[in-house]
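Undergrad: Shown below is the structure under consideration.
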Amino acid sequence: MVGVGPIGFEVVLPRRLWPRPEDVHKIGGVDTSTVGDLLRHWRLERRLSQLELAGRADTSARHLSFIETGRAKPSRTMIAHLAEHLEIPLRERNRVLLAAGYAPAYTQPAWDTPAMDAIRSAMRRILAGHEPYPALAIDQNWTMVDANSGVTTLLEGVDPALIAAPMNALRVSLHPDGMAGRIRNLAEWRGHVFARLTRQAEVTRSQQLVDLLEELRSYPGGEVQLTLPEPDQAVVPLVIEHAGAPLSLLSVTTVFGSPMNVTVAELAIESFLPADEDTMRRLTADSR
């Protein structure tokens, strides 16, 4: 939502008042959003005024205003330019293009199709390179698409129903029948997961992630609100029991640079590296 400042400048109001893109201009359940509606939504989501976005995109605030109000139709190139500066997810860029009457620019090939052969091969080399430490490949909704052998350390004692395909990594980690019973810093880890998932849902505007967050919050385990770190704290570790003793693991996320299709843009590798010498020795010994 925007207001008008004392001398006519646009004022961006708090995010909680803004609609999700799927809620913008719906009539009878049918999406009637215009390209202007969607671009305006993403501009407000990024907390930018028309003047700020125009400056970044090397255009005029007047032209941007005309696009948002429907008085001017943006070219395909202009949409791509604005989407880049607004950091709109590729899936949503297709939606903006469709609203303007253009064909989608970004394909979404299935993981197991020939179009993804090179990515699958690269992904598996990365996963194998992390062994004996756990690493898994996930999509935007935290569904596991691949993993290395080290993941079996994390999945000890997990209910088989939770790891049946499609397996959701966050559900497995926080479900009472999943890893939760073995995580020694469960409340702290839940706080980390909730903060991360909340931010991801805000950036992507994914209803699936919103629903997942609500589900995860319903599980028992408490939550520690993450505030200022301790003087010697670098990250929040995952401390999980294994063979009667704790493993302390650091979570590292890897994504592909310069993705050009939706599937690749939404892929990530979540790897868990030893946070101390004891964890390193034990994981290495287990792999022999």
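Undergrad: Looking at (1) under 19 Å from PRO237 (Cα atoms); (2) modelled with pLDDT of 95 or more; (3) more than 20 Å from the chain's Cα centre (by Cα), which is the one condition that is false for ASP159?
TA: Unmet condition: (1).
For (1) touching a strand residue (DSSP E or B) at 6+ places or on another chain (Cβ under 7 Å); (2) open to solvent by 50 Å² or more (accessible area, probe 1.4 Å); (3) at pLDDT 95 or above, each residue gets a yes or a no:
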site: LEU97; (1), (2), (3): no, no, yes
site: TYR102; (1), (2), (3): no, yes, yes
site: ASP112; (1), (2), (3): no, yes, no
site: ALA115; (1), (2), (3): no, yes, no
site: GLU131; (1), (2), (3): no, yes, yes
site: LEU136; (1), (2), (3): yes, no, yes
site: GLN140; (1), (2), (3): no, no, no
site: MET144; (1), (2), (3): yes, yes, yes
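Undergrad: Same structure, new question: Check every one of the helices (runs of 4 or more DSSP H) wholly within segment 174-288 and list those with 2 or more residues that are within 23 Å of the chain's Cα centre (by Cα).
TA: It comes to 186-204, 207-217, 262-265.
Undergrad: Counting only residues that are of a type in the set (S, T, N, Q) and open to solvent by 60 Å² or more (accessible area, probe 1.4 Å), which one in segment 239-259 is farthest from TRP142 (Cα to Cα)?
TA: Only one residue tops the list, namely SER258.
Undergrad: If you scan segment 38-50, which residues turn out to be touching an Asp or Glu at 6+ places or on another chain (Cβ under 8 Å) and open to solvent by 10 Å² or more (accessible area, probe 1.4 Å)?
TA: Answer for segment 38-50, where residues must be touching an Asp or Glu at 6+ places or on another chain (Cβ under 8 Å) and open to solvent by 10 Å² or more (accessible area, probe 1.4 Å): ARG40, ARG46, SER49, GLN50.
Undergrad: Mind telling me which of the residues GLU45, GLU131, GLU92, GLU87 ends up being among the charged types (D, E, K, R) and within 30 Å of HIS242 (Cα to Cα)? Spell out the reasoning first.
TA: Numbers: GLU45 fails: within 30 Å of HIS242 (Cα to Cα); GLU92 fails: within 30 Å of HIS242 (Cα to Cα); GLU87 fails: within 30 Å of HIS242 (Cα to Cα).
Being among the charged types (D, E, K, R) and within 30 Å of HIS242 (Cα to Cα) holds for just one of GLU45, GLU131, GLU92, GLU87, which is GLU131.
Undergrad: Here is a follow-up. Before we move on, is THR107 without any contact (Cβ under 8 Å) to a residue 24 or more places away in the chain, surrounded by fewer than 20 Cβ atoms within 10 Å (Cβ to Cβ) and under 27 Å from ALA83 (Cα atoms)? So that I can check it myself, show each step before the final result.
TA: Working: without any contact (Cβ under 8 Å) to a residue 24 or more places away in the chain: no; surrounded by fewer than 20 Cβ atoms within 10 Å (Cβ to Cβ): yes; under 27 Å from ALA83 (Cα atoms): yes.
Judged against the criteria, THR107 is not a match.
Undergrad: Please list, ordered by first then second residue, the pairs with beta carbon atoms under 7 Å, 6 or more apart or interchain, first in segment 47-58 and under 19 Å from GLU202 (Cβ atoms), second in a helix (DSSP H, G or I).
TA: From segment 47-58, the pairs are LEU53/ARG43; LEU53/LEU64; LEU53/HIS85.
The values are calculated or read from the model by the stated rules, or taken from the named source; none is laboratory data. Treat the numbers as computed from the prediction; the structure is a model and nothing was measured. All Cβ positions, even for glycine, are placed from backbone atoms using ideal geometry, and neighbour counts span all protein chains on display. Just the protein is used for accessible areas: all its heavy atoms, side chains included, with ligands, DNA and RNA removed. Shrake-Rupley method; radii C 1.70, N 1.55, O 1.52, S 1.80 Å.
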